[in-house]
Structures are given as structure tokens and as C-alpha cells.
Amino acid sequence: MTDATYPTIDSGTPVDHRDLHRFGGRHAIVVNEAQEQFASWIGEAPDYELDLGTGILQLGDKRLKAQLLGSHSYGAGTWLWAWGNPAYGTDGYRAVTDAARWLRDESPDRERAWQLRTAEFPVDEALSEGGVAGWPLLYACFAWLRARATYTFSYGPGRAFLTIHDEQVPWPRPDPVALPRVAIDSASASGTPAAELLETYAAWHGLGFERTADGLVIRYPGGSRHEVRLDERGRIADVRSTLVGADVPPPR
């Protein structure tokens with residue numbers, strides 16, 4: 001199939017994004033922690049510049065390799081993949097659309113996530129709740145692509161979404177100091193059960209994970225640990241932490 005022959009779904013057509021929302025939401029702690037560390041590494045970057053021909057994103061004094069996934073149109077209420085946009089579907093923009101094409105053509109999840117093979121589709125309530133519309137798709141792409149960070153920007157009538165893959169960007173590290181705060185915020189914003197978020201986070205970083213009678217325990221390689229108590233609704237009620245300096249990422 002060519003880029004032009006992949007299906008589109010008209011605005012206003014009922015769609016089912018529940019599986020995508022759940023998959024993206026499960027990775028909320030992973031992505032939110034990575035974004036905090038990325039912001040700390042970038043420092044003050046009041047503006048951006050994106051070269052669509054080379055895929056270079058300029059943030060402050062940093063020049064980073066990035067991939068344009070797609071965009072959310074505010075007026076139409078639809079998501080459009082970069083490869084589905086006639087303006088960027090040519091070979092001249094391959095450098096910045098390769099990741100989105102890989103998701104469509106080679107990702108192990110391309111047969112399960114119909115969104116990856118649909119050029120344009122409505123952004124329904126499942127992709128709109130909890131902050132920036134489209135975040136579950138962005139978080140899912142972060143997980144599928146094993147990106148180092150994400151970036152979004154408004155271009156007037158819509159918002160563009162990118163993943164960053166540049167080796168200059170340090171790989172995100174699990175931070176036992178930040179985790180309780182990030183976990184509570186992520187569970188609230190994503191609507192995902194805290195235990196599911198924390199289990200996904202532990203698996204992503206290779207941390208020890210154990211369910212207990214009233215919650216769970218997360219263990220770090222250096223000896224840090226969190227004992228998390230959940231309330232009757234599955235929310236984080238209390239966290240008792242033991243911190244060891246070797247597990248704490250250094251300042252960036």
C-alpha cells in the first residue's frame with residue numbers, strides 16, 4: 001500500500017480508543033518521569049525550531065534528532081499521521097517520518113492497534129481527557145519506539161507531536177525520590193489504577209515488584225524501596241520509602 005491508500009475515518013465517526021488509552025495510560029509514570037528529567041537536562045528553552053527536512057529539533061542550545069509522529073487538528077478534532085499528511089508524505093521528509101512509518105509497517109503492535117494503520121481518525125473522549133488531547137497516543141508511541149523523550153508544540157490550528165531519539169539525551173533513570181509524587185500525579189491525570197501504573201514502571205526499568213495484602217512493594221538495585229498502601233478504590237493512600245544514594249540519579 002502507498003501512503004495515500006491507507007484508510008481515513010471522518011471526523012465525528014464513532015471510534016474505539018479504549019485499548020490505546022489503557023496502553024498509553026499504563027506508561028504514564030514512565031513517560032512523565034522521563035519528561036521531567038528531559039526538562040531538567042534541557043534547562044531554559046523558551047522557543048523551538050524544527051527542520052522538517054532533517055528532523056533536527058533546536059531547543060535552546062541543543063540540536064536534537066527528532067521524529068514527527070503526527071498532529072491533532074483542533075477544528076476537525078482528528079489525528080493525522082505525518083506520513084498521511086500530503087505535505088510530508090514525500091521522500092524528502094523521510095528523515096523526520098521514519099518512526100511513524102515504522103509503527104505502521106514494522107511495529108509488533110501494528111495489527112493490534114488499528115490507529116497505527118489509519119492515516120486520519122477522530123480524537124474522541126478517550127484521547128482527550130486528562131490534559132493535552134492525544135497524550136495516550138503519544139505515550140504509547142514513546143513505549144513502542146523506546147524514545148528518550150517527547151515534545152509537543154502548538155502551531156495555531158493544531159498541535160504537533162514528536163519523539164526524541166538523540167543519543168545526546170541521557171536515558172531516563174528510575175528516581176526513587178520523585179516516584180511517589182510522579183505516581184500520584186500520573187494516576188490522577190491518566191485515570192489508570194495506581195497498581196497497574198507501578199507494575200508497568202517496575203517492569204520497564206527492571207525493578208523488583210511485589211503485591212502485598214494492602215498494596216505493593218518496589219525495590220531498586222541499590223537497596224531503595226517503596227512500600228505502597230492502596231485504599232479501597234485502588235488509589236495511593238500512603239508510601240513508606242527507604243532511600244539509598246546509589247539509586248538516586250545525579251542532577252542533570
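The values are calculated or read from the model by the stated rules, or taken from the named source; none is laboratory data. Bear in mind that the values here come from a model prediction, so they are computed numbers and not experimental data. Glycine gets a Cβ as well: all are built from the backbone with ideal geometry, and neighbour counts include every protein chain shown. SASA here: full protein model, heavy atoms, side chains in, ligands and nucleic acids out. Shrake-Rupley method; radii C 1.70, N 1.55, O 1.52, S 1.80 Å.
Whenever a residue of region 43-55 is without any contact (Cβ under 8 Å) to a residue 24 or more places away in the chain and more than 24 Å from Ala99 (Cα to Cα), its partners that are among the small types (Gly, Ala, Ser) and surrounded by 11 or more Cβ atoms within 10 Å (Cβ to Cβ), lying with C-beta atoms within less than 8 angstrom and at least six residues away or across chains, give the pairs Gly43/Gly60; Glu44/Gly60; Ala45/Gly60; Pro46/Gly60. Scoring Asp231 on the criteria (1) open to solvent by less than 60 Å² (accessible area, probe 1.4 Å); (2) under 19 Å from Val177 (Cβ atoms); (3) more than 24 Å from the chain's Cα centre (by Cα) leaves a single failure, condition (2). Taking the listed residues Gly208, Gly215, Gly222, the one that is surrounded by 16 or more Cβ atoms within 10 Å (Cβ to Cβ) and among the small types (Gly, Ala, Ser) is Gly215, with no other qualifying. Out of curiosity, is Gln58 farther than 27 Å from Ala195 by Cβ, touching a residue at least 40 places away in the same chain (Cβ under 8 Å) and either in contact with an Asp or Glu (Cβ under 7 Å, 6 or more places away or on another chain) or among the charged types (D, E, K, R) (or both)? No, not satisfied. Taken as a whole, the condition of being surrounded by fewer than 21 Cβ atoms within 10 Å (Cβ to Cβ), among the charged types (D, E, K, R) and either in contact (Cβ under 8 Å) with a residue 60 or more places away in the chain or more than 17 Å from Ala133 (Cβ to Cβ) (or both) does not apply to Arg26.
Does region 142-193 hold any residues that are open to solvent by less than 20 Å² (accessible area, probe 1.4 Å), under 26 Å from Tyr220 (Cβ atoms) and either within 12 Å of the chain's Cα centre (by Cα) or not hydrophobic (A, V, I, L, M, F, W, C) (or both), and which are they? Hits for region 142-193 are Phe142, Ala143, Ala147, Ala149, Thr150, Ile164, Pro176, Ser186, Ser190, Thr192. When region 72-92 is filtered for residues that are open to solvent by 70 Å² or more (accessible area, probe 1.4 Å) and part of a helix (DSSP H, G or I), only Asp91 remains.
Just one of the numbered conditions (1) in contact with a strand residue (DSSP E or B) (Cβ under 6 Å, 6 or more places away or on another chain); (2) surrounded by 21 or more Cβ atoms within 10 Å (Cβ to Cβ); (3) not β-branched (Val, Ile, Thr) is not true of Arg63; which one? Status for Arg63: all satisfied but (2). Considered as a group, the residues in region 1-36 that are within 14 Å of the chain's Cα centre (by Cα) and of a type in the set (S, T, N, Q) include one that is farthest from Thr152 (Cα to Cα), and that residue is Asn32. Restricting region 75-116 to residues that are among the hydroxyl-bearing types (Ser, Thr, Tyr) and over 20 Å from the mean Cα position of the chain (by Cα), the residue that is farthest from Thr5 (Cα to Cα) is Tyr93.
Results for (1) out of contact with any Leu (no Cβ under 7 Å at 6 or more places or on another chain); (2) of a type outside the set (Ser, Thr, Tyr), shown as yes or no for each residue.
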| position | (1), (2) |
| --- | --- |
| Gly25 | yes, yes |
| Glu33 | yes, yes |
| Glu36 | yes, yes |
| Tyr74 | yes, no |
| Arg104 | no, yes |
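When the residues of region 34-71 are filtered to those that are outside any helix (DSSP H, G or I) and hydroxyl-bearing (Ser, Thr, Tyr), the one that is farthest from Glu120 (Cα to Cα) is Tyr48.
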